[in-house]
1. Residues that are touching a Cys at 6+ places or on another chain (Cβ under 6 Å) and hydrophobic (A, V, I, L, M, F, W, C): which helices (runs of 4 or more DSSP H) entirely in region 35-148 hold 1 or more of them?
2. Which condition does residue 123 not pass, out of (1) among the hydroxyl-bearing types (Ser, Thr, Tyr); (2) under 18 Å from residue 50 (Cβ atoms); (3) surrounded by fewer than 23 Cβ atoms within 10 Å (Cβ to Cβ), if it passes all the others?
3. For region 51-75, enumerate the residues that are in contact with a helix residue (DSSP H, G or I) (Cβ under 6 Å, 6 or more places away or on another chain) and more than 18 Å from residue 98 (Cβ to Cβ).
4. Just to be sure I understand the filter: pairs with C-beta atoms under 6 Å, separated by 6 or more residues or on different chains, first member in region 164-182 and under 23 Å from residue 23 (Cβ atoms) and aliphatic (A, V, I, L, M), second member part of a helix (DSSP H, G or I) and at pLDDT 95 or above. Which pairs pass?
5. Restricting to region 47-90, count the residues that are within 27 Å of residue 179 (Cβ to Cβ), out of contact with any strand residue (DSSP E or B) (no Cβ under 8 Å at 6 or more places or on another chain) and in contact (Cβ under 8 Å) with a residue 60 or more places away in the chain.
6. For region 9-28: of the residues being of a type in the set (Asp, Glu) and at pLDDT 90 or above, which is surrounded by the fewest Cβ atoms within 10 Å (Cβ to Cβ)?
7. For region 85-98, what are the residues that are more than 19 Å from the chain's Cα centre (by Cα) and either surrounded by 12 or more Cβ atoms within 10 Å (Cβ to Cβ) or closer than 11 Å to residue 50 by Cα (or both)?
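The values are calculated or read from the model by the stated rules, or taken from the named source; none is laboratory data. Quick caveat: nothing in here was measured; it's all calculated off a predicted structure. Positions of Cβ are generated from backbone atoms using ideal geometry, with glycine treated the same way; all protein chains shown enter the neighbour counts.
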Amino acid sequence: MNTDTSKQREQVRIKEASFQIISEVSWVLGKVDQKEVEQFLQEIYHAKTIVVCGAGRVGMAVRGFAMRLAHLGKHVHMLGDATVPSIGQGDLLLVASGSGETQSIYDMVDIAHKNGARIALVTGNLDSRMGKLAHASVRLSAPSKTKQVEGFTSIQPMTTLNEQCLGILFDSMVLMLMADMNETHDTMWARHSNLE
(Lines give C-alpha, C1' and ligand atoms only; values in the text may rest on other atoms or scores of the structure.)
Protein backbone atom coordinates (compact mmCIF):
# COMPACT_ATOMS: atom_id res chain seq x y z
CA MET A 1 0.00 0.00 0.00
CA ASN A 2 1.52 3.34 -0.98
CA THR A 3 1.67 6.32 1.39
CA ASP A 4 -1.19 8.26 -0.27
CA THR A 5 -3.51 5.26 -0.15
CA SER A 6 -2.55 4.61 3.45
CA LYS A 7 -3.43 8.19 4.45
CA GLN A 8 -6.79 7.96 2.67
CA ARG A 9 -7.52 4.65 4.36
CA GLU A 10 -6.76 6.12 7.79
CA GLN A 11 -9.51 8.66 7.19
CA VAL A 12 -12.13 5.95 6.67
CA ARG A 13 -13.10 4.27 9.93
CA ILE A 14 -15.40 1.26 9.99
CA LYS A 15 -17.86 2.60 12.59
CA GLU A 16 -18.22 5.98 10.91
CA ALA A 17 -18.58 4.39 7.48
CA SER A 18 -21.15 1.90 8.80
CA PHE A 19 -23.19 4.60 10.52
CA GLN A 20 -23.15 6.74 7.37
CA ILE A 21 -24.35 3.81 5.27
CA ILE A 22 -27.12 3.03 7.76
CA SER A 23 -28.13 6.70 7.72
CA GLU A 24 -28.36 6.68 3.93
CA VAL A 25 -30.40 3.47 3.90
CA SER A 26 -32.77 4.92 6.52
CA TRP A 27 -33.18 8.10 4.47
CA VAL A 28 -34.13 6.18 1.32
CA LEU A 29 -36.44 3.66 3.01
CA GLY A 30 -38.11 6.45 4.96
CA LYS A 31 -39.44 7.75 1.63
CA VAL A 32 -41.08 4.47 0.56
CA ASP A 33 -44.84 4.85 0.03
CA GLN A 34 -46.89 2.38 2.11
CA LYS A 35 -49.72 2.32 -0.46
CA GLU A 36 -47.29 1.37 -3.22
CA VAL A 37 -46.00 -1.48 -1.06
CA GLU A 38 -49.54 -2.69 -0.30
CA GLN A 39 -50.40 -2.79 -4.03
CA PHE A 40 -47.12 -4.61 -4.74
CA LEU A 41 -47.92 -7.22 -2.08
CA GLN A 42 -51.42 -7.72 -3.52
CA GLU A 43 -49.80 -8.79 -6.79
CA ILE A 44 -47.73 -11.37 -4.87
CA TYR A 45 -50.75 -12.68 -2.92
CA HIS A 46 -52.81 -13.28 -6.04
CA ALA A 47 -50.16 -14.68 -8.39
CA LYS A 48 -50.32 -18.34 -9.34
CA THR A 49 -46.67 -18.37 -10.42
CA ILE A 50 -44.03 -15.70 -9.78
CA VAL A 51 -40.90 -15.21 -11.87
CA VAL A 52 -38.38 -12.72 -10.49
CA CYS A 53 -35.66 -10.90 -12.38
CA GLY A 54 -33.00 -8.26 -12.01
CA ALA A 55 -29.52 -7.66 -13.36
CA GLY A 56 -26.19 -7.64 -11.52
CA ARG A 57 -26.26 -6.94 -7.78
CA VAL A 58 -29.94 -6.04 -8.04
CA GLY A 59 -30.48 -9.57 -9.31
CA MET A 60 -28.78 -10.93 -6.19
CA ALA A 61 -31.20 -9.03 -3.95
CA VAL A 62 -34.14 -10.27 -6.02
CA ARG A 63 -32.86 -13.87 -5.81
CA GLY A 64 -32.84 -13.62 -2.01
CA PHE A 65 -36.45 -12.41 -2.07
CA ALA A 66 -37.44 -15.29 -4.36
CA MET A 67 -36.01 -17.72 -1.82
CA ARG A 68 -38.10 -16.20 0.97
CA LEU A 69 -41.22 -16.23 -1.20
CA ALA A 70 -40.65 -19.95 -1.70
CA HIS A 71 -40.30 -20.35 2.07
CA LEU A 72 -43.68 -18.62 2.33
CA GLY A 73 -45.18 -21.28 0.06
CA LYS A 74 -45.34 -19.27 -3.16
CA HIS A 75 -44.62 -20.94 -6.51
CA VAL A 76 -41.58 -18.87 -7.54
CA HIS A 77 -38.68 -19.04 -10.02
CA MET A 78 -35.64 -16.91 -10.79
CA LEU A 79 -35.29 -15.86 -14.42
CA GLY A 80 -32.35 -17.69 -15.94
CA ASP A 81 -32.90 -20.93 -14.04
CA ALA A 82 -33.61 -23.95 -16.23
CA THR A 83 -36.94 -24.62 -14.48
CA VAL A 84 -38.61 -21.27 -15.28
CA PRO A 85 -42.06 -22.02 -16.76
CA SER A 86 -43.97 -19.99 -19.31
CA ILE A 87 -46.04 -17.26 -17.68
CA GLY A 88 -49.30 -15.63 -18.68
CA GLN A 89 -52.69 -14.76 -17.23
CA GLY A 90 -52.69 -15.03 -13.43
CA ASP A 91 -48.88 -15.02 -13.17
CA LEU A 92 -46.49 -12.31 -12.03
CA LEU A 93 -43.14 -11.06 -13.27
CA LEU A 94 -41.52 -9.40 -10.25
CA VAL A 95 -38.78 -7.03 -11.37
CA ALA A 96 -36.23 -4.71 -9.78
CA SER A 97 -34.40 -2.12 -11.85
CA GLY A 98 -33.02 1.09 -10.41
CA SER A 99 -33.25 2.89 -13.75
CA GLY A 100 -36.27 1.01 -15.08
CA GLU A 101 -34.47 1.12 -18.43
CA THR A 102 -31.98 -1.80 -18.44
CA GLN A 103 -32.56 -3.18 -21.93
CA SER A 104 -32.26 -6.91 -21.17
CA ILE A 105 -34.70 -6.63 -18.26
CA TYR A 106 -37.07 -4.38 -20.19
CA ASP A 107 -37.22 -7.03 -22.94
CA MET A 108 -38.38 -9.61 -20.37
CA VAL A 109 -40.99 -7.19 -18.99
CA ASP A 110 -42.29 -6.55 -22.49
CA ILE A 111 -42.54 -10.27 -23.29
CA ALA A 112 -44.32 -11.04 -20.01
CA HIS A 113 -46.70 -8.12 -20.55
CA LYS A 114 -47.55 -9.28 -24.09
CA ASN A 115 -48.31 -12.76 -22.70
CA GLY A 116 -50.80 -11.39 -20.18
CA ALA A 117 -48.70 -11.67 -17.01
CA ARG A 118 -48.88 -8.99 -14.34
CA ILE A 119 -45.78 -6.85 -13.68
CA ALA A 120 -44.62 -5.74 -10.22
CA LEU A 121 -41.65 -3.36 -10.25
CA VAL A 122 -39.26 -1.80 -7.73
CA THR A 123 -37.47 1.15 -9.31
CA GLY A 124 -36.14 4.63 -8.80
CA ASN A 125 -37.84 5.80 -11.98
CA LEU A 126 -41.61 5.35 -12.18
CA ASP A 127 -41.66 7.16 -15.54
CA SER A 128 -39.34 4.60 -17.14
CA ARG A 129 -40.34 2.16 -19.88
CA MET A 130 -40.74 -0.59 -17.28
CA GLY A 131 -42.72 1.75 -15.04
CA LYS A 132 -45.22 2.37 -17.83
CA LEU A 133 -45.87 -1.39 -18.21
CA ALA A 134 -46.04 -2.20 -14.49
CA HIS A 135 -49.32 -2.95 -12.72
CA ALA A 136 -47.77 -2.15 -9.33
CA SER A 137 -44.61 -0.18 -8.62
CA VAL A 138 -42.62 0.76 -5.53
CA ARG A 139 -40.31 3.75 -5.84
CA LEU A 140 -36.91 3.58 -4.16
CA SER A 141 -35.40 7.06 -3.99
CA ALA A 142 -31.79 5.93 -4.38
CA PRO A 143 -29.49 7.12 -7.18
CA SER A 144 -29.42 4.88 -10.25
CA LYS A 145 -27.10 4.83 -13.23
CA THR A 146 -29.46 7.10 -15.18
CA LYS A 147 -31.23 9.14 -12.51
CA GLN A 148 -29.85 11.05 -9.53
CA VAL A 149 -31.91 12.06 -6.50
CA GLU A 150 -32.29 15.82 -6.17
CA GLY A 151 -30.61 17.19 -3.06
CA PHE A 152 -28.98 13.88 -2.14
CA THR A 153 -25.54 12.39 -2.80
CA SER A 154 -24.43 9.00 -1.51
CA ILE A 155 -20.90 8.45 -0.23
CA GLN A 156 -21.08 4.95 -1.73
CA PRO A 157 -19.94 4.01 -5.21
CA MET A 158 -22.15 3.46 -8.21
CA THR A 159 -25.57 2.03 -7.24
CA THR A 160 -24.56 0.37 -3.97
CA LEU A 161 -27.17 2.26 -1.93
CA ASN A 162 -29.98 1.12 -4.21
CA GLU A 163 -28.94 -2.51 -3.86
CA GLN A 164 -28.70 -2.30 -0.05
CA CYS A 165 -32.11 -0.65 0.20
CA LEU A 166 -33.62 -3.22 -2.12
CA GLY A 167 -32.52 -6.10 0.12
CA ILE A 168 -33.92 -4.45 3.25
CA LEU A 169 -37.14 -3.44 1.47
CA PHE A 170 -37.69 -7.05 0.43
CA ASP A 171 -36.92 -8.33 3.94
CA SER A 172 -39.45 -5.84 5.30
CA MET A 173 -42.03 -7.09 2.81
CA VAL A 174 -41.36 -10.64 4.03
CA LEU A 175 -42.39 -9.60 7.54
CA MET A 176 -45.61 -8.11 6.18
CA LEU A 177 -46.31 -11.24 4.14
CA MET A 178 -45.66 -13.46 7.15
CA ALA A 179 -48.22 -11.55 9.20
CA ASP A 180 -50.86 -11.57 6.45
CA MET A 181 -50.33 -15.24 5.55
CA ASN A 182 -50.12 -16.49 9.16
CA GLU A 183 -46.62 -17.80 8.54
CA THR A 184 -44.01 -18.34 11.26
CA HIS A 185 -40.30 -19.14 11.44
CA ASP A 186 -41.24 -22.80 11.89
CA THR A 187 -43.63 -23.02 8.93
CA MET A 188 -41.04 -21.35 6.73
CA TRP A 189 -38.19 -23.57 7.96
CA ALA A 190 -40.36 -26.58 7.04
CA ARG A 191 -40.20 -25.48 3.39
CA HIS A 192 -36.45 -24.81 3.41
CA SER A 193 -34.31 -27.14 1.33
CA ASN A 194 -33.18 -30.27 3.18
CA LEU A 195 -30.53 -31.01 0.56
CA GLU A 196 -27.84 -29.19 2.51
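1. Working: elements: 56-71, 103-114, 129-133.
Output list reads 103-114.
2. (3)
3. Residues satisfying the conditions are 68, 71, 72.
4. Close Cβ pairs (under 6 Å, with a partner that is part of a helix (DSSP H, G or I) and at pLDDT 95 or above) amount to 166/61.
5. 6
6. Residues of region 9-28 of a type in the set (Asp, Glu): 10, 16, 24.
Okay, now just the ones that are also at pLDDT 90 or above, so 16, 24.
Values: 16: 10, 24: 20.
Result: 16.
7. 85, 86, 87, 88, 90
Here is a yes/no grid of residues against (1) at pLDDT 95 or above; (2) not hydrophobic (A, V, I, L, M, F, W, C):
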| residue | (1), (2) |
| --- | --- |
| 141 | no, yes |
| 147 | no, yes |
| 151 | no, yes |
| 154 | no, yes |
| 168 | yes, no |
| 174 | yes, no |
| 182 | yes, yes |
| 196 | no, yes |
